[in-house]
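I have placed the structure first, in the form of structure tokens, so that the comments after it can refer back to it.
The values are calculated or read from the model by the stated rules, or taken from the named source; none is laboratory data. Keep in mind the model is a prediction, meaning the values are calculated, not measured. We place every Cβ from the backbone using ideal geometry, glycine too, and count neighbours over all the protein chains shown.
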Amino acid sequence: MGQCLSLFKSETSSEEGIEMVPIIKFPIVPPPPRPPQHVVYPPSMAELIRVPAGRLPLIPDDDYVLVEYTRAAREIFANANRLTEKLNKLEECHKESNNEIGNAFTILCIFIDRLAKHYEDFLRLSAFNVDQFAQSRKDMASEGYKALYVMKKEVEVLLKKKKPWFNEIRRKIKAQIKHGNGLWEHVQKAKFRVAIE
């Protein structure tokens, strides 16, 4: 399982004063699984990520797009922050080895899927020219979605192990929270003239 380091002494060596070094074994901890370098996103999302933002004009006196745009950013922020709570519940169920672990895993996956849906809504609404920063916010959301997509694939693999790597998942959730917070702060700074329920 592990690698060994030793000094090789040939049988035909003419030097008699060489001492053999004992074999020292070091345990090797496998690195966390990494996704392939080329990630293939769902075709609809790949298209939303690829096209530029702000290519459609806003309809005057119609706040629907601005309301939904702002709501999608807020939901990304809120759902990203809830992922930690769901992971904690899953970790607690794993430590107690109770029957709720399947439900806790399903709930975590549902929240990941819900977050992906909010990213999709935001990217779709980024087609409208809400302001001069639409492209930069779209880029932020695109990076967040890409990280979430990779995280979802890794969560499915990491949690199937006997000893799941909760710290690795927690690190990825923190990255999602950072993406969500950054996007929500950027939208709040825009101060769109809309009220969200």
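Conditions: (1) surrounded by 11 or more Cβ atoms within 10 Å (Cβ to Cβ); (2) among the basic types (Lys, Arg); (3) closer than 20 Å to Val155 by Cβ. Arg74 meets all but one. Number of the miss?
(3)
Can you name every residue in segment 126-137 that is more than 13 Å from Leu58 (Cα to Cα) and surrounded by 18 or more Cβ atoms within 10 Å (Cβ to Cβ)?
Arg137
Could you pull out the residue among Leu123, Leu148 that is crowded, with 17+ Cβ neighbours inside 10 Å, at pLDDT 95 or above and within 26 Å of Phe192 (Cβ to Cβ)?
Leu123
Just checking, does segment 63-82 include any residue being among the aliphatic types (A, V, I, L, M), modelled with pLDDT of 90 or more and touching a Ser or Thr at 6+ places or on another chain (Cβ under 6 Å)? Steps first, answer last, please.
Of the residues in segment 63-82, the ones among the aliphatic types (A, V, I, L, M) are 65-67, 72-73, 76, 78, 80.
Still in the running and modelled with pLDDT of 90 or more: 65-67, 72-73, 76, 78, 80.
If we keep only those that are touching a Ser or Thr at 6+ places or on another chain (Cβ under 6 Å) as well, we get none.
Checked against the condition, which is being among the aliphatic types (A, V, I, L, M), modelled with pLDDT of 90 or more and touching a Ser or Thr at 6+ places or on another chain (Cβ under 6 Å), segment 63-82 yields no hits at all.
Go through segment 63-112 residue by residue and tally those that are free of Cβ contacts under 8 Å to residues at least 24 places away in the same chain and not hydrophobic (A, V, I, L, M, F, W, C).
Here the count works out to 14.
Select from segment 151-173 the residues that are in contact (Cβ under 8 Å) with a residue 12 or more places away in the chain, farther than 13 Å from Phe105 by Cα and surrounded by fewer than 17 Cβ atoms within 10 Å (Cβ to Cβ) and list them in ascending order.
Scanning segment 151-173 gives Lys153, Trp165, Glu168, Arg170.
Check Lys174, Lys161, Lys89, Lys153 and return the single one that is among the charged types (D, E, K, R) and within 21 Å of Tyr41 (Cα to Cα).
Lys153
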